[in-house]
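Visitor: Could you have a look at this structure, given as C-alpha coordinates, before my questions?
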Amino acid sequence: MPLLMAVLLAFLLGSAGSARAIDFGSDPDALRDSVAARGSAVAEAWFILPTGRYDHFVHDNSAEAGGLRARMADGRIVSLVLPSTVVFEDSIVRLADLDGDGTEEIIAVLSSLSQGAALAVIGIDGDRLGIIAATPFIGQPHRWLNPAQIADFDGDGRLEIALVQMPHLVKRLELWRLEGSTLRRVAQVDDVSNHAIGTEQQSLSLARDINGDGVPDLVIPSGSREALRVISFTEGRVTELVQLALDGAAVGDLTYEGTFSVRLADGRTQRVAIP
Ligand SMILES: [Ca+2]
Ligand SMILES: [Ca+2]
Ligand SMILES: [Ca+2]
(Lines give C-alpha, C1' and ligand atoms only; values in the text may rest on other atoms or scores of the structure.)
(Ligands and ions follow the chains in the order given, each with its own letter.)
Protein backbone atom coordinates (compact mmCIF):
# COMPACT_ATOMS: atom_id res chain seq x y z
CA MET A 1 0.00 0.00 0.00
CA PRO A 2 1.95 3.02 -1.27
CA LEU A 3 0.75 5.67 1.19
CA LEU A 4 1.34 3.44 4.17
CA MET A 5 4.77 2.58 2.80
CA ALA A 6 5.58 6.27 2.40
CA VAL A 7 4.42 7.08 5.90
CA LEU A 8 6.39 4.14 7.29
CA LEU A 9 9.43 5.14 5.26
CA ALA A 10 9.16 8.74 6.45
CA PHE A 11 8.98 7.49 10.04
CA LEU A 12 11.98 5.21 9.58
CA LEU A 13 14.03 7.89 7.85
CA GLY A 14 13.07 10.42 10.48
CA SER A 15 13.90 8.14 13.36
CA ALA A 16 17.17 7.00 11.81
CA GLY A 17 18.17 10.52 10.81
CA SER A 18 19.15 9.18 7.42
CA ALA A 19 20.13 11.60 4.67
CA ARG A 20 19.14 9.05 2.02
CA ALA A 21 15.49 9.96 1.71
CA ILE A 22 13.29 8.65 -1.06
CA ASP A 23 13.25 10.90 -4.12
CA PHE A 24 11.55 11.06 -7.54
CA GLY A 25 14.14 8.75 -9.07
CA SER A 26 13.88 6.01 -6.45
CA ASP A 27 10.13 6.16 -5.81
CA PRO A 28 8.38 3.14 -7.38
CA ASP A 29 5.09 5.11 -7.23
CA ALA A 30 6.41 8.04 -9.33
CA LEU A 31 4.64 9.09 -12.54
CA ARG A 32 7.56 8.45 -14.88
CA ASP A 33 6.69 10.81 -17.74
CA SER A 34 6.42 13.78 -15.39
CA VAL A 35 8.88 16.42 -14.23
CA ALA A 36 9.65 16.83 -10.53
CA ALA A 37 10.17 20.28 -9.00
CA ARG A 38 12.98 21.28 -6.67
CA GLY A 39 12.70 24.07 -4.12
CA SER A 40 14.09 25.04 -0.73
CA ALA A 41 11.68 24.11 2.09
CA VAL A 42 10.15 21.62 -0.32
CA ALA A 43 13.31 19.92 -1.54
CA GLU A 44 11.52 17.97 -4.25
CA ALA A 45 7.93 17.26 -5.28
CA TRP A 46 6.61 14.80 -7.83
CA PHE A 47 3.45 13.13 -9.09
CA ILE A 48 2.70 9.57 -8.01
CA LEU A 49 0.22 6.75 -8.56
CA PRO A 50 -0.24 6.58 -12.35
CA THR A 51 -3.87 5.96 -13.24
CA GLY A 52 -5.97 5.57 -16.37
CA ARG A 53 -9.25 6.42 -14.66
CA TYR A 54 -9.68 9.84 -16.35
CA ASP A 55 -8.58 8.63 -19.78
CA HIS A 56 -7.85 12.06 -21.30
CA PHE A 57 -4.05 12.07 -21.61
CA VAL A 58 -3.67 15.61 -22.91
CA HIS A 59 0.06 15.29 -22.27
CA ASP A 60 0.45 12.21 -24.48
CA ASN A 61 1.18 10.25 -21.33
CA SER A 62 -0.28 6.81 -20.87
CA ALA A 63 -1.43 7.84 -17.41
CA GLU A 64 -2.47 10.72 -15.20
CA ALA A 65 -1.51 11.00 -11.53
CA GLY A 66 -3.49 9.83 -8.54
CA GLY A 67 -1.39 11.76 -6.05
CA LEU A 68 1.57 13.91 -5.13
CA ARG A 69 4.59 13.33 -2.94
CA ALA A 70 7.14 15.77 -1.54
CA ARG A 71 10.44 15.40 0.24
CA MET A 72 10.95 18.28 2.64
CA ALA A 73 14.34 19.88 3.31
CA ASP A 74 14.36 18.21 6.75
CA GLY A 75 13.86 14.76 5.19
CA ARG A 76 10.16 14.30 5.89
CA ILE A 77 8.18 12.60 3.14
CA VAL A 78 4.63 13.85 2.73
CA SER A 79 2.04 12.50 0.32
CA LEU A 80 -1.41 13.26 -0.98
CA VAL A 81 -3.56 10.48 -2.41
CA LEU A 82 -6.53 11.87 -4.34
CA PRO A 83 -10.03 10.42 -4.09
CA SER A 84 -11.07 8.31 -7.08
CA THR A 85 -13.20 11.16 -8.51
CA VAL A 86 -10.18 13.33 -9.46
CA VAL A 87 -6.65 13.09 -10.91
CA PHE A 88 -3.74 15.43 -11.41
CA GLU A 89 -3.84 16.10 -15.15
CA ASP A 90 -0.40 17.58 -15.31
CA SER A 91 3.13 16.56 -16.15
CA ILE A 92 5.11 19.33 -14.41
CA VAL A 93 5.06 20.09 -10.71
CA ARG A 94 5.31 23.83 -9.95
CA LEU A 95 6.50 25.29 -6.66
CA ALA A 96 5.95 28.87 -5.49
CA ASP A 97 5.56 30.45 -2.06
CA LEU A 98 2.18 31.98 -2.77
CA ASP A 99 1.46 33.17 0.80
CA GLY A 100 4.99 34.36 1.59
CA ASP A 101 5.48 32.19 4.69
CA GLY A 102 8.80 30.77 3.49
CA THR A 103 7.49 27.35 2.43
CA GLU A 104 6.58 26.70 -1.17
CA GLU A 105 3.11 25.64 -2.18
CA ILE A 106 2.63 23.09 -4.97
CA ILE A 107 0.56 24.20 -7.96
CA ALA A 108 -0.99 21.58 -10.26
CA VAL A 109 -3.91 20.96 -12.59
CA LEU A 110 -6.58 18.92 -10.81
CA SER A 111 -9.20 17.31 -13.04
CA SER A 112 -12.54 15.90 -11.98
CA LEU A 113 -13.72 12.83 -13.88
CA SER A 114 -17.11 14.52 -14.33
CA GLN A 115 -16.27 18.28 -14.27
CA GLY A 116 -12.95 18.71 -16.09
CA ALA A 117 -9.96 20.75 -14.97
CA ALA A 118 -9.29 23.19 -12.15
CA LEU A 119 -6.09 24.67 -10.80
CA ALA A 120 -5.20 23.48 -7.30
CA VAL A 121 -2.83 24.83 -4.68
CA ILE A 122 -1.47 22.15 -2.38
CA GLY A 123 0.06 23.08 0.96
CA ILE A 124 2.26 21.37 3.50
CA ASP A 125 1.05 21.44 7.09
CA GLY A 126 3.25 19.42 9.41
CA ASP A 127 3.28 15.90 8.03
CA ARG A 128 0.25 16.49 5.84
CA LEU A 129 -0.05 17.51 2.23
CA GLY A 130 -3.49 18.81 1.31
CA ILE A 131 -5.38 20.92 -1.21
CA ILE A 132 -5.78 24.35 0.35
CA ALA A 133 -7.47 26.15 -2.55
CA ALA A 134 -8.67 25.51 -6.09
CA THR A 135 -10.31 27.37 -8.93
CA PRO A 136 -13.78 26.15 -9.97
CA PHE A 137 -13.81 23.10 -12.25
CA ILE A 138 -14.53 24.00 -15.89
CA GLY A 139 -17.78 22.02 -15.71
CA GLN A 140 -17.35 19.30 -18.36
CA PRO A 141 -15.03 16.27 -18.47
CA HIS A 142 -12.03 16.36 -20.80
CA ARG A 143 -11.88 20.17 -20.70
CA TRP A 144 -8.45 21.37 -19.71
CA LEU A 145 -6.54 24.44 -18.59
CA ASN A 146 -2.84 25.07 -18.98
CA PRO A 147 -0.87 27.03 -16.38
CA ALA A 148 1.32 29.70 -17.96
CA GLN A 149 3.58 31.46 -15.44
CA ILE A 150 3.68 32.43 -11.77
CA ALA A 151 4.99 35.93 -10.99
CA ASP A 152 4.05 39.21 -9.32
CA PHE A 153 2.41 40.52 -12.47
CA ASP A 154 0.83 43.63 -10.92
CA GLY A 155 3.78 44.63 -8.76
CA ASP A 156 1.92 44.51 -5.43
CA GLY A 157 4.37 42.09 -3.82
CA ARG A 158 2.09 39.04 -4.07
CA LEU A 159 2.37 36.32 -6.68
CA GLU A 160 -0.27 35.69 -9.32
CA ILE A 161 -0.77 32.46 -11.27
CA ALA A 162 -1.44 32.93 -14.98
CA LEU A 163 -3.35 30.15 -16.72
CA VAL A 164 -5.19 29.64 -19.99
CA GLN A 165 -8.68 28.18 -19.83
CA MET A 166 -9.13 25.63 -22.62
CA PRO A 167 -6.19 26.76 -24.80
CA HIS A 168 -7.70 25.08 -27.91
CA LEU A 169 -11.30 26.23 -27.42
CA VAL A 170 -12.02 29.18 -25.14
CA LYS A 171 -8.45 30.59 -25.13
CA ARG A 172 -8.93 32.86 -22.12
CA LEU A 173 -6.01 34.01 -19.99
CA GLU A 174 -6.79 34.37 -16.30
CA LEU A 175 -4.69 35.62 -13.37
CA TRP A 176 -5.45 34.08 -9.99
CA ARG A 177 -4.10 35.06 -6.59
CA LEU A 178 -4.14 33.01 -3.37
CA GLU A 179 -5.83 35.07 -0.66
CA GLY A 180 -6.04 33.12 2.58
CA SER A 181 -7.57 29.80 1.60
CA THR A 182 -9.23 31.14 -1.54
CA LEU A 183 -8.03 31.60 -5.08
CA ARG A 184 -9.38 34.87 -6.47
CA ARG A 185 -9.42 35.75 -10.17
CA VAL A 186 -7.89 39.20 -10.52
CA ALA A 187 -7.62 39.67 -14.31
CA GLN A 188 -8.60 38.05 -17.58
CA VAL A 189 -7.71 38.53 -21.25
CA ASP A 190 -9.40 36.83 -24.22
CA ASP A 191 -7.68 35.44 -27.33
CA VAL A 192 -4.55 33.76 -26.04
CA SER A 193 -3.26 30.19 -26.26
CA ASN A 194 -0.24 28.50 -24.73
CA HIS A 195 -0.56 25.01 -26.13
CA ALA A 196 -0.36 23.25 -29.47
CA ILE A 197 -1.98 19.80 -29.53
CA GLY A 198 0.61 17.05 -29.45
CA THR A 199 3.41 19.15 -27.92
CA GLU A 200 4.77 19.51 -24.42
CA GLN A 201 2.93 22.29 -22.69
CA GLN A 202 5.16 24.62 -20.74
CA SER A 203 7.34 26.44 -23.27
CA LEU A 204 4.82 28.84 -24.80
CA SER A 205 4.86 31.71 -22.31
CA LEU A 206 7.34 33.88 -20.44
CA ALA A 207 7.22 36.15 -17.39
CA ARG A 208 9.76 38.87 -18.22
CA ASP A 209 9.96 42.60 -17.70
CA ILE A 210 9.84 43.67 -21.33
CA ASN A 211 9.08 47.40 -20.86
CA GLY A 212 11.62 47.94 -18.07
CA ASP A 213 9.22 49.17 -15.38
CA GLY A 214 10.52 46.60 -12.88
CA VAL A 215 7.36 44.45 -13.03
CA PRO A 216 7.22 41.19 -15.01
CA ASP A 217 5.04 41.20 -18.12
CA LEU A 218 3.45 38.12 -19.64
CA VAL A 219 4.53 37.05 -23.12
CA ILE A 220 2.09 34.57 -24.65
CA PRO A 221 0.83 33.66 -28.12
CA SER A 222 -2.48 34.95 -29.46
CA GLY A 223 -5.40 32.54 -29.78
CA SER A 224 -4.26 31.46 -33.26
CA ARG A 225 -0.64 31.33 -31.99
CA GLU A 226 0.31 33.40 -35.06
CA ALA A 227 1.39 36.39 -32.97
CA LEU A 228 3.15 37.00 -29.68
CA ARG A 229 1.32 39.23 -27.22
CA VAL A 230 3.18 41.15 -24.50
CA ILE A 231 0.77 42.06 -21.72
CA SER A 232 1.29 44.22 -18.62
CA PHE A 233 -0.92 44.02 -15.51
CA THR A 234 0.57 46.84 -13.42
CA GLU A 235 -1.77 48.87 -11.20
CA GLY A 236 -4.64 46.50 -11.85
CA ARG A 237 -4.90 47.42 -15.53
CA VAL A 238 -4.53 45.05 -18.47
CA THR A 239 -2.37 46.74 -21.11
CA GLU A 240 -1.14 45.09 -24.30
CA LEU A 241 2.34 46.57 -24.74
CA VAL A 242 2.88 45.12 -28.20
CA GLN A 243 1.66 42.34 -30.48
CA LEU A 244 4.25 40.81 -32.82
CA ALA A 245 3.11 38.88 -35.90
CA LEU A 246 4.71 35.51 -36.63
CA ASP A 247 5.17 33.68 -39.95
CA GLY A 248 3.21 30.67 -38.67
CA ALA A 249 1.73 29.15 -35.52
CA ALA A 250 4.03 29.03 -32.50
CA VAL A 251 4.48 25.57 -30.98
CA GLY A 252 7.23 25.92 -28.37
CA ASP A 253 10.68 26.98 -27.16
CA LEU A 254 9.70 30.61 -26.57
CA THR A 255 12.69 32.60 -25.26
CA TYR A 256 13.69 36.26 -24.93
CA GLU A 257 17.23 37.59 -25.04
CA GLY A 258 16.64 41.12 -26.29
CA THR A 259 14.67 39.56 -29.16
CA PHE A 260 12.06 36.83 -29.00
CA SER A 261 12.69 33.40 -30.43
CA VAL A 262 9.99 30.79 -30.94
CA ARG A 263 9.63 27.51 -32.79
CA LEU A 264 6.88 27.38 -35.42
CA ALA A 265 4.66 24.50 -36.55
CA ASP A 266 6.74 23.97 -39.71
CA GLY A 267 9.88 23.42 -37.62
CA ARG A 268 11.53 26.78 -38.28
CA THR A 269 12.65 28.97 -35.40
CA GLN A 270 11.58 32.58 -35.86
CA ARG A 271 13.31 35.52 -34.23
CA VAL A 272 11.27 38.68 -33.78
CA ALA A 273 12.24 42.01 -32.24
CA ILE A 274 10.08 44.75 -30.76
CA PRO A 275 10.15 47.57 -33.34
CA1 LIG B 1 3.88 29.30 1.51
CA1 LIG C 1 0.93 40.66 -7.43
CA1 LIG D 1 7.09 45.35 -17.08
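Visitor: Assess whether Leu129 counts as being assigned to a strand (DSSP E or B), touching a residue at least 60 places away in the same chain (Cβ under 8 Å) and away from ligand 2 (no atom under 16 Å from the Cβ).
Guide: yes
Residues are listed down the side, and each one gets a yes or a no for (1) within 15 Å of Leu163 (Cα to Cα); (2) of a type in the set (Lys, Arg):
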position: Glu179; (1), (2): no, no
position: Arg185; (1), (2): yes, yes
position: Asp190; (1), (2): yes, no
position: Ser193; (1), (2): yes, no
position: Arg208; (1), (2): no, yes
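Visitor: Something else: Looking at Gln202 and the list (1) in a loop (DSSP other than H, G, I, E, B); (2) free of Cβ contacts under 8 Å to residues at least 60 places away in the same chain, which single condition is not satisfied?
Guide: For Gln202, the exception is condition (2).
Visitor: Given the stretch 222-275, what strands (runs of 3 or more DSSP E) lie entirely inside it while holding 1 or more residues that are at pLDDT below 95 and in contact with a Lys or Arg (Cβ under 9 Å, 6 or more places away or on another chain)?
Guide: In the stretch 222-275, the matching strands (runs of 3 or more DSSP E) lie at 250-256.
Visitor: Inspect all residues belonging to the stretch 262-275 and state whether any of them is crowded, with 18+ Cβ neighbours inside 10 Å, touching a residue at least 24 places away in the same chain (Cβ under 8 Å) and within 16 Å of ligand 3 (Cβ to nearest atom).
Guide: no
Visitor: Select, from Asp101, Asp74, Asp90, Asp125, the only residue that is touching a His at 6+ places or on another chain (Cβ under 8 Å) and more than 16 Å from ligand 3 (Cβ to nearest atom).
Guide: Asp90
Visitor: When you check Leu178 against the structure, is it outside any loop (DSSP other than H, G, I, E, B), over 19 Å from Glu64 (Cβ atoms) and either out of contact with any helix residue (DSSP H, G or I) (no Cβ under 8 Å at 6 or more places or on another chain) or at pLDDT 95 or above (or both), yes or no?
Guide: Judged against the criteria, Leu178 is a match.
Visitor: More than 16 Å from ligand 1 (Cβ to nearest atom), out of contact with any Gly (no Cβ under 9 Å at 6 or more places or on another chain) and over 18 Å from Arg69 (Cβ atoms): does that describe Leu145?
Guide: No; evaluated as a whole, the condition is false for this residue.
The values are calculated or read from the model by the stated rules, or taken from the named source; none is laboratory data. None of the values given here were measured: they were computed from a predicted structure. All Cβ positions, glycine included, derive from the backbone under ideal geometry; neighbour counts span all protein chains shown.
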